[in-house]
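Visitor: Just passing along the structure, written as structure tokens.
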Amino acid sequence: DFATPRAILTGHDCEITCATVCAELGLVISGSKEGPCLIHSMNGDLLRTLEGPENCLRPKLIQASREGHCVIYYENGLFCVFSVNGKLQATMETGDNIK
């Protein structure tokens with residue numbers, strides 16, 4: 001058996017560095033090396049762009065909850081929490097820098 005893609009997700013200009021799937025909400029959220037994080041439907045439709053504050057670059061980890069929150073960890077030790085509607089809800093800076 002050969003696997004075939006269900007959808008092709010487009011919109012990033014650089015390589016993907018992190019992604020998560022929230023099956024309960026039917027969403028795929030991905031972050032790229034030099035760009036914003038994108039929310040797609042499971043069918044491949046681009047729904048939203050998640051843009052953090054100016055100093056939030058290079059997303060490393062993404063996690064989405066079934067309640068509609070998305071937490072993104074950026075390379076410089078910043079966390080951002082977004083709603084799945086694209087609204088930035090909170091930011092937090094840590095002294096840690098995970099590589």
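Every residue, every condition in (1) under 22 Å from G95 (Cβ atoms); (2) touching a His at 6+ places or on another chain (Cβ under 9 Å); (3) surrounded by 19 or more Cβ atoms within 10 Å (Cβ to Cβ); (4) at pLDDT 95 or above, yes or no:
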residue: A23; (1), (2), (3), (4): no, no, no, no
residue: L27; (1), (2), (3), (4): no, yes, yes, no
residue: G44; (1), (2), (3), (4): no, no, no, no
residue: L50; (1), (2), (3), (4): no, no, yes, no
residue: N55; (1), (2), (3), (4): yes, no, no, no
residue: R58; (1), (2), (3), (4): yes, no, no, no
residue: E67; (1), (2), (3), (4): no, no, no, no
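Visitor: Can you pull out every residue in region 25-45 that is closer than 16 Å to Y73 by Cα and either in contact with a Pro (Cβ under 8 Å, 6 or more places away or on another chain) or among the small types (G, A, S) (or both)?
Guide: Result: S30, G31, S32, G35, C37.
Visitor: Can I ask one more? Only one of (1) out of contact with any Cys (no Cβ under 8 Å at 6 or more places or on another chain); (2) open to solvent by 90 Å² or more (accessible area, probe 1.4 Å) is not met by E34, so which one is it?
Guide: Unmet for E34, out of (1) out of contact with any Cys (no Cβ under 8 Å at 6 or more places or on another chain); (2) open to solvent by 90 Å² or more (accessible area, probe 1.4 Å): (1).
Visitor: Can you name every residue in region 7-26 that is in contact with a Lys or Arg (Cβ under 9 Å, 6 or more places away or on another chain), assigned to a strand (DSSP E or B) and within 21 Å of K87 (Cβ to Cβ)?
Guide: C18, C22
Visitor: May I ask you to list pairs of residues, at least six apart or on different chains, whose Cβ atoms are under 6 Å apart, with the first in region 9-25 being within 16 Å of Q63 (Cβ to Cβ) and the second being part of a loop (DSSP other than H, G, I, E, B)?
Guide: Pairs found: T17/K33; E24/R66.
Visitor: Same structure, new question: Going by what's in this entry, would T4 be described as touching a residue at least 24 places away in the same chain (Cβ under 8 Å), in a loop (DSSP other than H, G, I, E, B), open to solvent by 80 Å² or more (accessible area, probe 1.4 Å) and polar (S, T, N, Q)?
Guide: no
The values are calculated or read from the model by the stated rules, or taken from the named source; none is laboratory data. All values derive from a computational prediction rather than experimental measurement. Counting neighbours? That spans all protein chains shown, and the Cβs are built from the backbone with ideal geometry, glycine included. The area values use the complete protein model at the heavy-atom level, side chains included, leaving out ligands, DNA and RNA. Shrake-Rupley method; radii C 1.70, N 1.55, O 1.52, S 1.80 Å.
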